[in-house]
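The values are calculated or read from the model by the stated rules, or taken from the named source; none is laboratory data. Note that this is a predicted model, so its numbers are computed, not measured. Quick reminder, even Gly has a Cβ in these numbers, built from the backbone with ideal geometry, and neighbours come from all protein chains shown.
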Amino acid sequence: MNLEWALQWGWSVLNACLYLLLQPFYYISILIVALGYRRQMLLERKLFHTRLHNWAGETWRVVWSGLIAGLALSTLGMFVSVHLTSASIVCLWVTTLLLMLVRVRYLCLAYSVGLLGLVQFALNVAEGWQPEGALGTSVAAIRGLDIPALLVLVAALHVAEALLVRWQGGKAATPLFVEGKRGRLVGGYRMEDLWPIPLLLLVPVQGGFELPWTPLFGDGTGYMLAALPVLMGFSSVTIGQLPRQKAVLTSNRLLLYSVALLLLSLLAAWWSPLTLVAALFSFLAHEALIWYGNMEESRLSPMFVHPEQGLRVLAVLPDSPATAMGILPGESIYRVNSVVVNSRNELHQALRINSAFCKLEVRNLQGEIKFVQRGMYDGDHHQLGVVLAPDADANWAVSIRPTSIYRIVAMRLDARRRKGGQASKTESPSVDTIEQ
């Protein structure tokens, strides 16, 4: 019996993995991720004449971390069964892709499952309506969705997302010059990460293999494994916090959201009228998190502006002398080679005092003074390797707009050139870094 069960289990796992490899949804999600990072790299090159990230490396980072998350969730999912059919999976992905055309962040299952929960409620009210053909198949698939179980899955996915944001959030953050209040340019970061997550879900079917345990939402029949690739992620812009701080705050809020949604979903499984409440909470609470985060950000004082004395560092280029010296984003360069610097020109002149050696006085995030120094070598591409916060002479800014799939595919960078305090559209921005 144990050998027979092991063979059935192995065959089901193999079938589910082959189905995952054959269906296009997982590859579509990876393609969207790759295009997003490619767009980010092009923006960095236009703004800073160098790249801070590698789009292929970043894509691989989220793919393998998504695989780890998918493996962990699939293991936990062996104790929760979800009523899914091929038509249901197609229905979920079609809804998700349609929502994606409005906003890329609507790829999140919180929106598609919540919306399908509302549609299912409306179809159940119109119980006698049963169209024919493809529409009838879609209606039957939506009516057959196990919304409480899917919402439990959404809650589990957001726990994984919260952990991924805490672990990796901010690693691919892109520095920007954006227009703050009253048209003043300030430094900031755009944070966008998407993780393709392949899931294997336990589905109850007649004639499937038996389990030595009873899964949640199980009905005592046989089971099989079904493949469901999903795309999870977050997008945010911060001007008042470091990317790492923003990522931790976002992670904490996502965990609270996940716990609340999980409790509502379990209650909905116990008492079906709560399904509508849980479905509404799924996407309304998700939107509320984003709205509150944006409102909170608007109330923060800009972090990446120059102090009265010194120059604020917005970003540090990888593999540069500044990285080797331990200079961090948010710190301020006060003296260079014993000369106080308050402008880019003064910084350039101070760096030329000694072309073979550089000694800096830096104020860290706590306002304390630290001294760093390093020899300058011929192989150094950037003489220092920092991106400074914008000053009054900066002419370029990036318009912050909700990301759509059109803007990703068309590689629209939303860069604008400022003329007389106004912004005009262009496609060739140029922002100074400290390079020779």
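Please verify whether ASP319 is within 30 Å of GLY367 (Cβ to Cβ), modelled with pLDDT under 90, charged (D, E, K, R) and surrounded by fewer than 19 Cβ atoms within 10 Å (Cβ to Cβ), treating the condition exactly as stated. So ASP319 fits the description; yes. Checking LEU276, LEU289, LEU263 one by one, the residue that is exposed (fewer than 14 other Cβ atoms within 10 Å of the Cβ) and either assigned by TED's automatic domain parsing to the domain that holds CYS108 or modelled with pLDDT under 90 (or both) is LEU263 and no other. Could you please find all residues in the stretch 212-242 being part of a strand (DSSP E or B) and of a type outside the set (A, V, I, L, M, F, W, C)? GLY222, TYR223, PRO229, GLY233, SER235, SER236, THR238, listed by residue number.
Looking across ALA356, ALA389, ALA410, one residue alone is at pLDDT 85 or above and among the small types (Gly, Ala, Ser). It is ALA389. The listed residues are LEU351, LEU328, and the only one of them that is within 26 Å of the chain's Cα centre (by Cα), of a type in the set (A, V, I, L, M) and either at pLDDT 90 or above or surrounded by fewer than 21 Cβ atoms within 10 Å (Cβ to Cβ) (or both) turns out to be LEU328. Determine, yes or no, whether GLN422 is among the polar types (S, T, N, Q) and either at pLDDT 70 or above or surrounded by 15 or more Cβ atoms within 10 Å (Cβ to Cβ) (or both). When the stated conditions are applied, GLN422 does not pass them. Between ALA227, ALA247, the distinction of being modelled with pLDDT of 90 or more, among the hydrophobic types (A, V, I, L, M, F, W, C) and touching a helix residue (DSSP H, G or I) at 6+ places or on another chain (Cβ under 6 Å) belongs to ALA247 only. Filtering ARG190, ARG103 for residues that are at pLDDT 85 or above and among the basic types (Lys, Arg) leaves a single hit, ARG190. Restricting attention to the stretch 163-205, the residues that are surrounded by 15 or more Cβ atoms within 10 Å (Cβ to Cβ), in contact with a helix residue (DSSP H, G or I) (Cβ under 9 Å, 6 or more places away or on another chain) and not small (Gly, Ala, Ser) total 24. Summed over the stretch 206-215, residues that are surrounded by fewer than 15 Cβ atoms within 10 Å (Cβ to Cβ) and either at negative phi or touching a residue at least 24 places away in the same chain (Cβ under 8 Å) (or both) total 5. Check whether at least one residue in the stretch 119-137 is free of Cβ contacts under 8 Å to residues at least 12 places away in the same chain and hydroxyl-bearing (Ser, Thr, Tyr), and report yes or no. No, every residue in the stretch 119-137 fails to be free of Cβ contacts under 8 Å to residues at least 12 places away in the same chain and hydroxyl-bearing (Ser, Thr, Tyr). Evaluation of GLY188 against the conditions (1) touching a Ser or Thr at 6+ places or on another chain (Cβ under 7 Å); (2) closer than 29 Å to LEU267 by Cα shows that the sole unmet condition is (2).
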